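Asks: I'd like to ask you about the structure that follows.
The values are calculated or read from the model by the stated rules, or taken from the named source; none is laboratory data. Note that the coordinates shown come from a computational prediction; the quantities given were computed from them, not determined experimentally. Glycine gets a Cβ as well: all are built from the backbone with ideal geometry, and neighbour counts include every protein chain shown. Just the protein is used for accessible areas: all its heavy atoms, side chains included, with ligands, DNA and RNA removed. Shrake-Rupley method; radii C 1.70, N 1.55, O 1.52, S 1.80 Å.
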Amino acid sequence: AAGSVNAFAQGQGAVEAEAFAKRYFTDSSRNIENGNLYGGSVSYFLTEAVSLGLSYGEYHRIDSDEKVLANNKRKKINGSLATLDATYHFRSATDALRPYLSAGFGHQSLSNVQSFKDKPSRSGNGRDRTTMALIGAGAKYYFGENFFVRAGVDGMHGLDNNQSEWMAGMGIGLNFGG
């Protein structure tokens, strides 16, 4: 049993898997309400402090600001966000609380989004695809060697549409190997 504890230790070569939920705060010029992003991520620790991760999430409970004339209801906005992030963890891998900073890029795809106020109007029935630059900060708290909870804030800037938005979220995950 003592020998297997090291197999789950944090550090270089470790892999983390996480399920997360985030509250998405949209830019007012996108004509959509705030919503939720649910998803998961997998990260690999290149060193004890630096990890590289992939994540995927789907947006839920987002409505358009404007009502559809036919039935006087708001359009449902569906979409996804896929990201690649590099994360720097402060403190030692043996500490329970590890603050972090992250940066990366992502691809956001939303359906039924109205055009931006400063551009010509579109039907709003197509997909709005945007490459996002991401920056984040937060903290992970490790319960033992391999189980953790995370809370953080992510800033997002659309490189295609020049819109800045943000998300706040929490996650729960496991750390394997190292």
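Asks: Could you grab me the full set of residues in the stretch 157-169 that are over 16 Å from Gly53 (Cβ atoms) and either modelled with pLDDT of 90 or more or aromatic (Phe, Trp, Tyr) (or both)?
Replies: In the first step, residues of the stretch 157-169 are kept if they are over 16 Å from Gly53 (Cβ atoms); the result is 157-166, 168.
The answer is His157, Gly158, Leu159, Ser164, Glu165, Trp166, Ala168.
Asks: For the stretch 89-106, check the following and say yes or no: at least one residue is at pLDDT 95 or above and closer than 19 Å to Asp27 by Cα.
Replies: yes
Per-residue answers, yes or no, for (1) at pLDDT below 90; (2) open to solvent by 30 Å² or more (accessible area, probe 1.4 Å); (3) not in a loop (DSSP other than H, G, I, E, B):
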{"residue": "Gly3", "(1), (2), (3)": "yes, yes, yes"}
{"residue": "Ala19", "(1), (2), (3)": "no, yes, yes"}
{"residue": "Thr47", "(1), (2), (3)": "no, yes, no"}
{"residue": "Leu52", "(1), (2), (3)": "no, yes, yes"}
{"residue": "Glu58", "(1), (2), (3)": "no, yes, yes"}
{"residue": "Ser64", "(1), (2), (3)": "yes, no, yes"}
{"residue": "Asn72", "(1), (2), (3)": "yes, yes, no"}
{"residue": "Lys76", "(1), (2), (3)": "yes, yes, yes"}
{"residue": "Leu84", "(1), (2), (3)": "no, yes, yes"}
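Asks: When only residues in the stretch 86-111 that are free of Cβ contacts under 8 Å to residues at least 60 places away in the same chain, aliphatic (A, V, I, L, M) and assigned to a strand (DSSP E or B) count, which is nearest to Glu165 (Cα to Cα)?
Replies: Among residues in the stretch 86-111 that are free of Cβ contacts under 8 Å to residues at least 60 places away in the same chain, aliphatic (A, V, I, L, M) and assigned to a strand (DSSP E or B), the one nearest to Glu165 (Cα to Cα) is Ala103.
Asks: Where in the stretch 125-178 are there strands (runs of 3 or more DSSP E), lying wholly inside it, with at least 3 residues that are touching a residue at least 60 places away in the same chain (Cβ under 8 Å) and in contact with a strand residue (DSSP E or B) (Cβ under 8 Å, 6 or more places away or on another chain)? Spell out the reasoning first.
Replies: Details: elements: 127-143, 147-158, 164-176.
Here the list reads 147-158, 164-176.
Asks: Could you grab me the full set of residues in the stretch 127-156 that are at pLDDT 95 or above, out of contact with any His (no Cβ under 9 Å at 6 or more places or on another chain) and among the small types (Gly, Ala, Ser)?
Replies: Gly136, Ala137, Gly138, Ala139, Ala151, Gly152, Gly155
Asks: Moving on to the next point. Select from the stretch 30-45 the residues that are over 15 Å from Asn175 (Cβ atoms), modelled with pLDDT of 95 or more and surrounded by fewer than 19 Cβ atoms within 10 Å (Cβ to Cβ) and list them in ascending order.
Replies: Tyr38
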